[in-house]
């Protein structure tokens, strides 16, 4: 069974998620953007074994500490989709631009594509490619516990920005309505910033992607 802890990190309050399998106690960190001592302390406090890093996309607040964590702890980097290669290449520039600690370069151990699966212990996460915020953005979905880790695709009452290089508003709307909504109204999503929500509530109330807005 999947369990998780949400850990806001960096000045951007980015929701890094510590996921683990209750049977094996094997764990993954989704989007370790920074504050590695705090993330490692959470891993220790939960008594789990960190096995991998999962990335939804490669903006600095989500991926800034990935290279350092992978090197120091010998961890594989899984994701995002190859469409975010240019964002990975630009991480050092992003860190300077936003005043983050220097970001170590890295190459993902495994790129992800729509329809792939990732195992965290005995938990299977389904991967959906959801471009629009970035070209290579992916989402991790656990159909058993009905949880989706959606990065910056969708927020409670809002959607991801599309004014960065490679962003596209129409593509993002399509990703949400065609890739997220089929996961079911009861699915709880953990966004990259802010509180959790449910797809059903967003379909009813979100001013950008509610059913009555997008038709």
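FYI, it's all coordinate maths here, none of it is from the lab. The shown structure was predicted, so the numbers you read here are calculated from the model rather than taken from an experiment. All Cβ positions, glycine included, derive from the backbone under ideal geometry; neighbour counts span all protein chains shown.
Couple of notes before you dig in:
- Model label zone, residue 6; criterion: amide N under 19 Å from point 7 Å along Cα-to-beta-carbon; scope segment 116-144: 138-144
- Applying 1/(1 + (r/R0)^6) with r as the Cβ-Cβ distance of residue 109 and residue 212 and R0 = 45 angstrom yields a FRET efficiency of 0.60.
- Here the contact order of the chain, divided by its residue count and restricted to Cα pairs under 8 Å and six or more residues apart, works out to 16 percent.
- Alpha carbon centroid spacing (whole Å) that separates segment 53-106 from segment 1-52: 16
- Considering only the chain, percent of DSSP beta bridges that pair antiparallel, nearest 5: 70
- Each principal axis of the chain carries a Cα extent, and these read 49, 41, 28 Å when sorted largest first.
- Efficiency of FRET between residue 49 and residue 145 - r from beta-carbon atoms, R0 22 angstrom, step 0.05: 0.65
- Mean projection area, nm², convex hull over Cα of segment 46-120: 5.4
- Ranked by how many other Cβ atoms sit within 10 Å of their own Cβ, fewest first, the residues 100, 140 fall in the order 100, 140.
- For the chain, the mean residue ellipticity at 222 nm estimated from helices alone is -6000 deg cm²/dmol, where every DSSP H run of n ≥ 4 contributes -39500 (n - 2.57) and the total is divided by all residues, rounded to the nearest 500.
- Ranked for footprinting exposure by Cβ neighbours inside 10 Å, fewest first, 153, 188, 144 give 144, 188, 153.
- For segment 1-120, the antiparallel share of DSSP beta bridges with both residues in that region comes to about 60%.
- Net lengthening on full extension, residue 117/residue 73 (0.36 nm per residue, minus Cα-Cα): 13.5 nm
- All-pairs Cα distance distribution in segment 1-102, expressed in whole percent, bin size 5 Å: 3, 14, 25, 26, 19, 9, 4, 1, 0
- Gain on full extension, evaluated as 0.36 nm per residue between residue 126 and residue 38 minus their Cα-Cα distance, stands at 28.9 nm.
- When the chain is treated as a Gaussian network with alpha carbon springs shorter than 10 Å, the biggest mean-square fluctuation among 141, 168, 62 belongs to 168.
- Approximate spin-label separation residue 97-residue 201, in nm, with each point projected 7 Å along Cα-to-Cβ: 3.2
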